[in-house]
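Engineer: I have a structure here, written as structure tokens, and I will follow up with some questions on it.
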Amino acid sequence: MADKSSSNAYWAANIRTIMIYLVVWFVCSFGFGILLRPMLAGIKIGGTDLGFWFAQQGSILVFLVLIFAYAARMNKLDRQYGVEE
Amino acid sequence: MDQFTLNLLVVGATFVLYFGIAIWARAGSTAEFYAAGGGVHPIANGMATGADWMSAASFISMAGIIAFGGYDTSAYLMGWTGGYVLLAMLLAPYLRKFGKFTVPEFIGDRFYSGSARFIGVLCLLIISITYVIGQMSGVGVAFSRFLEVSNATGLYIGAAVVFAYAVLGGMKGITYTQVAQYIVLIIAYTIPAIFISLQLTGNPIPALGLFSNEVHTGQPLLQTLDQIVTDLGFKSYTEQSDTTLNMFLFTMSLMIGTAGLPHVIVRFFTVPKVSDARSSAGWALVFIALLYLTAPAVAAMARLNLINTFYPNGLTSAPVSMADVETKEELKWVKNWATTGLLKVTDLNGDGLIQYYNDGATALATKLADAKKAGNEAAIAEAQAAFDAKVAETAAKMAEKNPQAADWKGNELTVNNDIMVLANPEIANLPGWVIALVAAGGLAAALSTAAGLLMAISSAVSHDLIKGQLNPGISEKGELLAARISMAVAIAVATWLGLNPPGFAAQTVALAFGVAAATIFPALMMGIFSKRINAQGAIAGMLVGLIVTVVYIFLHKGWFFVADTASYSDSAPMILSIKSTSFGAVGALINFIVAFAVSKATAAPPAHVQDLVESIRIPKGAGVAQSH
């Protein structure tokens with residue numbers, strides 16, 4: 001069993017990772033897809049604007065990258081803090 | 001070979017496959033029955049999760065909703081995929097480490113309270129039962145349209161198939177059948193989409209075709225579509241017309257609702273390791289994204305095809321006639337779908353042609369129909385006058401661009417959202433085997449989700465209620481029998497509800513996602529990320545979240561969905577522009593606030609619970625999911 005201070009440090013590192021990833025998650029869906037769409041209106045793509053693409057496809061692609069990146073990052077943290085299975 | 005034989009062959013072949021898997025993957029222990037023995041590979045588990053998640057709503061309804069709603073309905077695309085990011089980072093790995101069978105069991109242990117567990121069961125049952133009604137009615141529609149049996153017979157066949165592999169195989173049988181069902185449904189969804197994308201844009205990948213140039217006009221597909229729909233008086237396809245606040249909250253509700261659906265969460269109890277739970281969420285989203293990236297293309301292309309079918313020579317030339325529908329082979333689908341009542345054609349101006357446009361009087365048309373049903377002459381005359389006036393106003397405005405519009409007396413074609421995907425191959429005149437494939441795909445989507453929901457319901461009853469509260473000393477054999485019996489009862493109830501839909505089948509999305517977002521997601525998240533939230537806080541939070549959300553939905557949709565008891569409507573909501581479908585996110589926020597406030601005012605959780613939270617946060621020491 002990992003000692004208490006190492007588990008706490010592992011958990012803090014996990015929380016930091018989650019925070020950063022959630023910011024990306026929010027900006028690429030709620031941000032580019034909804035709230036910031038008017039700001040992206042100048043960038044045209046296939047008969048509409050970039051915000052429409054983010055709302056209908058781009059956000060989903062970002063979600064995919066985020067989950068696999070998180071899984072890889074956590075596998076690394078698991079080993080680094082000696083808490084892997 | 002005629003279409004009916006073809007449908008029968010393809011659907012029959014998929015059913016034989018599901019039965020075969022059911023016999024191969026029988027469950028022998030409770031661990032196999034509830035969590036497939038915890039030994040499912042993350043990629044297989046991802047596929048099964050994909051099939052479990054993609055319901056009749058995703059397969060049959062979603063593209064149709066987007067086809068008629070355009071940009072505003074992007075909430076479904078973002079919401080129903082973005083929830084997996086939350087699952088992967090905030091819930092799945094820790095719940096897998098916890099290593100028990102059900103969601104209420106975690107709530108009960110973490111909040112050291114039988115009452116908390118019971119509220120968890122209650123929320124789970126509300127969510128899963130409302131959800132399963134939609135699946136069963138989807139099964140009925142697909143059967144009655146494609147296999148020419150009555151709705152009821154279709155439901156019985158569907159129930160028998162689910163019964164066979166869910167009751168025999170439990171989670172193990174369900175998981176491996178879902179892998180097969182995923183393959184059937186994804187092929188069935190993408191093949192017609194590839195054909196149609198090639199026809200319209202020349203691009204074999206529908207997701208890219210959506211942003212390509214249309215073959216005939218040489219201009220971007222979405223630009224052509226925007227032009228055509230606005231010329232017919234509909235709102236623009238790519239512009240926003242919903243309020244930003246409502247769109248934001250609706251997307252958020254669907255996202256956290258997805259992450260809080262019990263039948264999705266339990267999928268992550270079936271993988272061998274904590275790290276597998278994280279990557280399995282990623283694989284699930286890969287398989288879901290294959291459909292979700294195609295769906296917006298299917299939506300836009302189906303809308304364009306629909307309009308082009310009815311205006312074969314352009315918007316300012318004569319549309320197809322009533323006689324064409326009777327005689328022309330390529331319009332046979334109009335007649336076929338009209339018999340199901342999901343498509344209606346009425347020649348209002350008596351010119352023998354079918355004018356499809358936005359007469360701006362949909363609400364007035366509903367009022368007129370209601371008045372005719374009630375039979376009050378004065379009311380009918382008044383409603384008719386209001387309808388005619390509005391229609392004439394629109395016609396005059398449209399006649400500036402299109403001289404023919406001067407004679408139009410109202411929209412003559414109404415198309416239900418739900419038929420856009422199922423009728424799509426017929427609208428595009430694709431070969432018969434593609435149509436049969438879509439029938440099999442729709443059934444695979446509905447059956448796989450129904451099985452996952454029934455699994456969640458039966459384990460809540462047998463494991464959380466019977467073993468957890470009524471008879472803790474029950475043997476493993478006894479519990480397995482109880483699980484099978486509750487599964488059989490759940491199937492019977494779901495079939496009965498499918499036969500007698502309570503009239504709110506269409507409202508189930510608001511209820512299921514609203515409750516999942518406002519109760520289960522916050523409870524689980526706080527249970528993992530805070531050591532301070534105690535039993536009192538969690539119970540108060542869940543109860544307030546549940547009540548506030550359900551009451552807000554009832555105020556807009558009617559108490560227990562009895563329509564004329566509604567005090568507000570979604571077109572004029574009670575608070576700002578927040579529709580009842582978007583309220584789950586607000587309910588979740590209220591849950592968080594109440595839970596924190598109550599926990600702060602009462603004693604901290606006991607030491608062993610704080611240790612439990614410590615232990616689920618680190619992956620080390622996870623075993624196979626078990627009951628003790």
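The values are calculated or read from the model by the stated rules, or taken from the named source; none is laboratory data. Since we're looking at a predicted model, the values are computed, not measured. All Cβ positions, glycine included, derive from the backbone under ideal geometry; neighbour counts span all protein chains shown.
Engineer: Scan the range A:67-84 for residues that are more than 7 Å from every other protein chain (Cβ to nearest Cβ), within 17 Å of B:Leu90 (Cβ to Cβ) and either at pLDDT 95 or above or over 19 Å from the mean Cα position of the chain (by Cα) (or both) and jot them down.
Structural biologist: Filtering the range A:67-84 down to residues more than 7 Å from every other protein chain (Cβ to nearest Cβ) leaves A:69, A:72-73, A:76-77, A:79-82.
Now restrict to residues that are within 17 Å of B:Leu90 (Cβ to Cβ): A:69, A:73, A:77.
Matches in the range A:67-84: A:Ala69, A:Arg73.
Engineer: One residue is enough: does the range B:89-104 have a residue meeting the conditions touching a Phe, Trp or Tyr at 6+ places or on another chain (Cβ under 8 Å), charged (D, E, K, R), farther than 21 Å from B:Ala445 by Cβ and within 14 Å of another protein chain (Cβ to nearest Cβ)?
Structural biologist: For the range B:89-104, residues touching a Phe, Trp or Tyr at 6+ places or on another chain (Cβ under 8 Å), charged (D, E, K, R), farther than 21 Å from B:Ala445 by Cβ and within 14 Å of another protein chain (Cβ to nearest Cβ): present.
Engineer: Does B:Ala516 satisfy being touching a residue at least 12 places away in the same chain (Cβ under 8 Å), more than 30 Å from the chain's Cα centre (by Cα) and under 23 Å from B:Leu125 (Cβ atoms)?
Structural biologist: no
Engineer: Considering only the range A:6-35, state which residues are touching a helix residue (DSSP H, G or I) at 6+ places or on another chain (Cβ under 7 Å) and among the aliphatic types (A, V, I, L, M).
Structural biologist: If the condition is that a residue be touching a helix residue (DSSP H, G or I) at 6+ places or on another chain (Cβ under 7 Å) and among the aliphatic types (A, V, I, L, M), then A:Ala13, A:Ile18, A:Val24, A:Ile34, A:Leu35 are the ones that fit.
Engineer: So which residues in the range B:240-280 are part of a helix (DSSP H, G or I) and small (Gly, Ala, Ser), if there are any at all?
Structural biologist: B:Ser253, B:Gly257, B:Ala259, B:Ser275, B:Ala277, B:Ser279, B:Ser280
Engineer: Just give me the residues in the range B:158-189 being over 27 Å from B:Phe101 (Cβ atoms), crowded, with 21+ Cβ neighbours inside 10 Å and β-branched (Val, Ile, Thr), in sequence order.
Structural biologist: Hits for the range B:158-189 are B:Val184, B:Ile186.
Engineer: Out of the range B:122-150, which residues are in contact with a Phe, Trp or Tyr (Cβ under 7 Å, 6 or more places away or on another chain) and touching a residue at least 12 places away in the same chain (Cβ under 8 Å)?
Structural biologist: The one that is in contact with a Phe, Trp or Tyr (Cβ under 7 Å, 6 or more places away or on another chain) and touching a residue at least 12 places away in the same chain (Cβ under 8 Å): B:Glu148.
Engineer: For the range B:532-567, what are the residues that are among the polar types (S, T, N, Q) and either in a helix (DSSP H, G or I) or within 25 Å of B:Ala604 (Cβ to Cβ) (or both)?
Structural biologist: B:Asn534, B:Gln536, B:Thr549, B:Thr565
Engineer: Does at least one position in the range B:42-64 carry a residue that is among the aliphatic types (A, V, I, L, M), assigned to a helix (DSSP H, G or I), within 14 Å of chain A (Cβ to nearest Cβ) and under 25 Å from B:Phe248 (Cα atoms)?
Structural biologist: yes
Engineer: Might you let me know whether the range B:259-274 holds any residue that is buried (at least 22 other Cβ atoms within 10 Å of the Cβ) and of a type in the set (D, E, K, R)?
Structural biologist: Looking for residues that are buried (at least 22 other Cβ atoms within 10 Å of the Cβ) and of a type in the set (D, E, K, R), one finds at least one in the range B:259-274, hence yes.
Engineer: Among the helices (runs of 4 or more DSSP H) contained in the range B:348-450, which hold 1 or more residues that are of a type in the set (Lys, Arg)?
Structural biologist: So the answer is B:362-374, B:377-399.
Engineer: Are any of the residues in the range B:543-564 crowded, with 21+ Cβ neighbours inside 10 Å, at pLDDT 95 or above and not β-branched (Val, Ile, Thr)?
Structural biologist: yes
Engineer: Which residue out of B:Ile196, B:Ile186, B:Ile119 is within 20 Å of the chain's Cα centre (by Cα) and in contact (Cβ under 8 Å) with a residue 40 or more places away in the chain?
Structural biologist: On the way: B:Ile196 fails: within 20 Å of the chain's Cα centre (by Cα); B:Ile119 fails: within 20 Å of the chain's Cα centre (by Cα).
Just one listed residue meets the conditions, B:Ile186.
Engineer: What's the number of the only condition in (1) surrounded by 15 or more Cβ atoms within 10 Å (Cβ to Cβ); (2) over 20 Å from B:Thr243 (Cβ atoms); (3) facing another protein chain (nearest Cβ under 9 Å) that A:Gly58 fails to meet?
Structural biologist: Going through the list (1) surrounded by 15 or more Cβ atoms within 10 Å (Cβ to Cβ); (2) over 20 Å from B:Thr243 (Cβ atoms); (3) facing another protein chain (nearest Cβ under 9 Å), A:Gly58 breaks only (3).
Engineer: Among the residues of the range B:278-315, which ones are within 18 Å of the chain's Cα centre (by Cα) and either away from chain A (no Cβ under 13 Å) or among the aromatic types (Phe, Trp, Tyr) (or both)?
Structural biologist: B:Phe287, B:Tyr292
Engineer: Restricting to the range A:62-85, and then to whatever is within 26 Å of B:Ile288 (Cβ to Cβ) and of a type in the set (Phe, Trp, Tyr), can you tell me which residue is surrounded by the fewest Cβ atoms within 10 Å (Cβ to Cβ)?
Structural biologist: Here the residue is A:Phe68.
Engineer: Looking only at residues in the range B:2-41 that are assigned to a loop (DSSP other than H, G, I, E, B) and among the charged types (D, E, K, R), which one is farthest from B:Gly169 (Cα to Cα)? Even if it seems obvious, please write down each step before you answer.
Structural biologist: First pass over the range B:2-41, keeping only residues assigned to a loop (DSSP other than H, G, I, E, B): B:2, B:25-29, B:39-41.
When the remaining residues are screened for being among the charged types (D, E, K, R), the result is B:2, B:26.
Details: B:Asp2: 36, B:Arg26: 4 Å.
Among them, the one singled out is B:Asp2.
Residues are listed down the side, and each one gets a yes or a no for (1) more than 10 Å from chain A (Cβ to nearest Cβ); (2) among the polar types (S, T, N, Q); (3) in contact with a Lys or Arg (Cβ under 7 Å, 6 or more places away or on another chain); (4) within 15 Å of B:Phe513 (Cα to Cα):
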{"position": "B:Leu232", "(1), (2), (3), (4)": "yes, no, no, no"}
{"position": "B:Lys235", "(1), (2), (3), (4)": "yes, no, no, no"}
{"position": "B:Glu239", "(1), (2), (3), (4)": "no, no, no, no"}
{"position": "B:Ser253", "(1), (2), (3), (4)": "yes, yes, no, yes"}
{"position": "B:Phe269", "(1), (2), (3), (4)": "yes, no, yes, no"}
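Engineer: Related question: Can you find a residue in the range B:611-624 that is more than 14 Å from chain A (Cβ to nearest Cβ) and in contact with a helix residue (DSSP H, G or I) (Cβ under 8 Å, 6 or more places away or on another chain)? If you could, list the steps in order and put the result at the bottom.
Structural biologist: Residues of the range B:611-624 more than 14 Å from chain A (Cβ to nearest Cβ): none.
There is no residue in the range B:611-624 that is more than 14 Å from chain A (Cβ to nearest Cβ) and in contact with a helix residue (DSSP H, G or I) (Cβ under 8 Å, 6 or more places away or on another chain).
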